[in-house]
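The values are calculated or read from the model by the stated rules, or taken from the named source; none is laboratory data. From a predicted model like this one, the values you see are computed outputs, not experimental measurements. Cβ sites come from the backbone with ideal geometry, for glycine too, and all protein chains shown count toward neighbours. Accessible surface is based on the protein model in full, side chains and every heavy atom, while ligands, DNA and RNA are left aside. Shrake-Rupley method; radii C 1.70, N 1.55, O 1.52, S 1.80 Å.
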Amino acid sequence: MLRIEGVVKGYRDGPVLRGVDLTVGPGEIVGMVGANGAGKTTLIGIAAGLRRADSGSVCIAGIDVAAHRRRAARHVGLAPQELGIYPTLTVAQNLECFARLAGLRSAQVRRRVAEVAEQLGLSDRLASRAGELSGGQKRRLHTGTAVLHRPDLVFLDEPTVGADVVSRREILDLVRRMAAEGTAVLYTTHHLTELEQLDATIAVLHSGRIVHTGPVADVISRWATTAVTLRFAHAAPALPGWRQEGKTLVPRAPVGEPGAAVGRALAVLGARCAELTGVEISRPGLETAYLAITGHTLTEGDDSAHAA
Amino acid sequence: MLLISDPGAFLASIAMPLVLGAFLLPVTRDQLVLAGRTDAGGEQVVPGMAVLFGFIGVQFVGMLFYREHAWGTWDRLRASPASTLEIVAGKAAPLYLSQVLQVTVVLLAGVLLFDYRPNGSPFAIAALVVVFVAMLVAFGVMLVALCASMDVALMLGSLGGMVMAGLGGALAPVSSLPGWTRPVARATPAYWAIDGLRAASLDAARLFDIAGDLGMLLGFTVLFSLVAALRLRMDDVKIGTT
């Protein structure tokens with residue numbers, strides 16, 4: 001449904017995408033992960049026809065997006081990272097507006113507005129102004145406006161940012177339901193557990209390229225390691241074999257015996273152990289898999305990746 | 001839907017000319033009497049206020065476009081199957097209708113409140129309103145195309161509109177302004193709108209008699225539309241406020 005080949009994109013301060021290849025098939029959920037500034041939103045913008053790649057191609061349902069944007073757009077639903085709803089309109093009016101924009105006719109509009117509101121737990125807020133909704137409800141509405149026309153392909157760029165637990169669950173349920181009905185989904189998030197819950201195919205975007213793709217289970221079994229973190233009250237001290245990340249120390253290489261590694265570190269730290277505020281040993285998961293694949297941690301809110 | 005959901009500014013754009021008109025009526029009537037129109041009423045102030053506040057109403061064009069950027073909905077419009085023309089026309093059409101309504105209500109209120117008794121053809125007045133508002137909307141879209149921020153667009157629209165309206169005779173007859181302003185006034189669309197409305201209000205003008213004014217207003221509409229079409233970039237980042 002979505003085929004991205006060799007996409008390159010640069011801005012004034014340098015290249016962001018250096019030849020991205022990615023496919024998403026019908027009914028598949030692809031979770032794209034990468035550090036802030038990796039180019040996830042740029043790639044989605046190119047795929048949705050909002051900006052042009054410097055080179056490469058994007059095809060949606062076999063249609064070249066650059067050459068036939070409007071035809072390709074009929075197959076697409078987009079919920080950008082930035083919230084985009086009309087705060088002065090009611091929930092129902094917002095849904096109707098985007099339904100008509102997507103080309104639905106009046107009878108279809110009414111039915112789909114009711115269905116999507118029900119699926120996202122907004123049926124009792126249809127008459128409320130969108131500006132009066134909670135953050136999580138706004139996120140649900142924002143996501144709902146992207147799927148009214150049952151698109152073949154949906155781009156969800158960090159759809160659960162700022163969402164509460166209930167909203168997150170509703171959105172994930174909606175994504176699962178869409179995929180079960182055959183919709184291809186490209187989903188970006190910093191919450192890697194969401195991708196585990198969605199049983200998504202992981203695509204790791206790093207240094208401008210997709211450096212790894214694969215099912216969640218395979219990625220974890222192949223790459224994930226036990227994670228060890230030492231937390232300090234102030235700036236972490238230097239320790240051979242460990243990388244300083246602000247107030248934490250993490251091993252430079254995967255550790256086979258986390259307990260022994262911690263013991264050796266504490267012995268070397270000596271009196272500086274008094275500055276420790278916490279020692280964490282985490283089970284293998286997508287976080288450690290991401291670190292192993294890219295050599296970087298995936299830290300939400302950071303503007304730069306911390307190199308191994 | 002957006003204009004109806006937030007009608008405060010629109011209602012103010014109808015109320016303000018009527019309030020200002022009430023204060024200006026005595027002096028504008030005296031100006032007409034001095035010019036030999038001994039039975040004059042609101043034939044200077046009502047068209048003048050309609051034109052002046054028509055220009056000030058250009059702010060609605062800015063609001064509807066820039067707010068889309070502030071609300072995050074502009075990229076959603078661009079990502080839809082709608083073409084650029086459909087998106088712009090979809091915003092311009094309701095603005096056009098609301099501006100026609102605004103100008104018409106001001107003129108009709110002038111009849112009821114300010115003794116405005118145009119002696120010309122109502123079709124001539126209607127044609128002027130239709131074409132004048134088309135020019136206003138084109139002017140507004142041109143400002144959107146040229147200005148990165150809503151504040152700059154609104155400032156240029158309001159200030160520029162007031163200057164053009166003043167030079168064109170909206171606040172005082174052109175004949176009462178300094179001589180050097182008259183050639184400058186002819187270069188503004190407001191002059192031709194006021195000239196046509198004045199003819200239809202005081203000189204019993206029919207549609208044919210104001211063809212020149214209509215033609216000039218249409219010319220300005222085409223000019224502003226061309227500049228907008230050449231300069232408008234859908235992927236430009238605009239700074240709006242909510």
Does B:Ser201 satisfy the criteria of being touching an Asp or Glu at 6+ places or on another chain (Cβ under 7 Å) and polar (S, T, N, Q)?
-> yes
Condition check for A:Leu95: more than 10 Å from chain B (Cβ to nearest Cβ) and modelled with pLDDT of 95 or more | yes
Number of the exception - B:Ala170 against (1) part of a helix (DSSP H, G or I); (2) surrounded by 24 or more Cβ atoms within 10 Å (Cβ to Cβ); (3) not basic (Lys, Arg) = (1)
Can you tell me which of B:Ala148, B:Ala134, B:Ala126 is in contact with a strand residue (DSSP E or B) (Cβ under 8 Å, 6 or more places away or on another chain) and open to solvent by 20 Å² or more (accessible area, probe 1.4 Å)?
-> B:Ala148
Would you call B:Arg37 open to solvent by 60 Å² or more (accessible area, probe 1.4 Å), more than 14 Å from every other protein chain (Cβ to nearest Cβ) and not in a helix (DSSP H, G or I)?
-> yes
Would you pick out the residues in segment A:28-47 that are part of a loop (DSSP other than H, G, I, E, B), open to solvent by 10 Å² or more (accessible area, probe 1.4 Å) and out of contact with any Asp or Glu (no Cβ under 8 Å at 6 or more places or on another chain)?
-> A:Glu28, A:Ala38
Criterion violated by B:Met1 - all others in (1) surrounded by 16 or more Cβ atoms within 10 Å (Cβ to Cβ); (2) over 17 Å from the mean Cα position of the chain (by Cα); (3) within 14 Å of chain A (Cβ to nearest Cβ) satisfied | (1)
In segment A:48-60, residue least open to solvent (accessible area, probe 1.4 Å) [restricted to those that are away from chain B (no Cβ under 12 Å) and part of a loop (DSSP other than H, G, I, E, B)] = A:Ala53
Filter result for B:Val103 (over 23 Å from A:Arg70 (Cα atoms), modelled with pLDDT of 90 or more, in contact with a helix residue (DSSP H, G or I) (Cβ under 8 Å, 6 or more places away or on another chain) and open to solvent by less than 20 Å² (accessible area, probe 1.4 Å)) = yes
Do any residues in segment A:13-24 that are modelled with pLDDT under 90 have Cβ atoms under 9 Å from those of residues that are surrounded by fewer than 20 Cβ atoms within 10 Å (Cβ to Cβ), where the two are at least six apart or on different chains, and which pairs are they?
-> A:Pro15/A:Val8; A:Pro15/A:Asp54
Among the candidates B:Thr84, B:Thr73, which residue alone is among the β-branched types (Val, Ile, Thr), in contact (Cβ under 8 Å) with a residue 24 or more places away in the chain and within 14 Å of another protein chain (Cβ to nearest Cβ)?
-> B:Thr84
Would you mind telling me which numbered condition in (1) open to solvent by 40 Å² or more (accessible area, probe 1.4 Å); (2) over 21 Å from the mean Cα position of the chain (by Cα) A:Ala117 fails?
-> (1)
Considering residues that are of a type in the set (A, V, I, L, M, F, W, C) and under 9 Å from A:Val76 (Cα atoms), the number found within segment A:142-162 is 5
Given the conditions (1) out of contact with any Lys or Arg (no Cβ under 6 Å at 6 or more places or on another chain); (2) more than 9 Å from chain B (Cβ to nearest Cβ); (3) open to solvent by less than 20 Å² (accessible area, probe 1.4 Å), which single one is not true for A:Tyr86?
-> (2)
Every listed condition ((1) closer than 26 Å to A:Gln137 by Cβ; (2) touching a helix residue (DSSP H, G or I) at 6+ places or on another chain (Cβ under 9 Å); (3) within 14 Å of another protein chain (Cβ to nearest Cβ); (4) not acidic (Asp, Glu)) holds for A:Ile63 save (1)
So which residues in segment B:40-70 are within 14 Å of chain A (Cβ to nearest Cβ), within 19 Å of the chain's Cα centre (by Cα) and either over 21 Å from B:Val137 (Cβ atoms) or open to solvent by 10 Å² or more (accessible area, probe 1.4 Å) (or both)?
-> B:Met63, B:Leu64
So A:Val279, is it modelled with pLDDT of 90 or more, more than 25 Å from A:Ala38 (Cβ to Cβ), buried (at least 18 other Cβ atoms within 10 Å of the Cβ) and not basic (Lys, Arg) = no
Only one of these conditions is not met by B:Ala228: (1) modelled with pLDDT of 90 or more; (2) closer than 26 Å to B:Ala124 by Cβ. Which number is it?
-> (2)
Based on what the data block shows, is A:Ala102 closer than 23 Å to A:Leu2 by Cβ, at the interface with chain B (Cβ under 7 Å from one of its Cβ atoms) and among the hydrophobic types (A, V, I, L, M, F, W, C)?
-> yes
Give the residues of segment B:207-242 that are surrounded by 15 or more Cβ atoms within 10 Å (Cβ to Cβ) and in a loop (DSSP other than H, G, I, E, B), sorted by residue number.
-> B:Leu207, B:Leu232, B:Lys238, B:Gly240
Which of (1) touching a residue at least 40 places away in the same chain (Cβ under 8 Å); (2) within 11 Å of chain B (Cβ to nearest Cβ); (3) buried (at least 19 other Cβ atoms within 10 Å of the Cβ) is the odd one out, the single condition A:Arg69 does not satisfy?
-> (1)
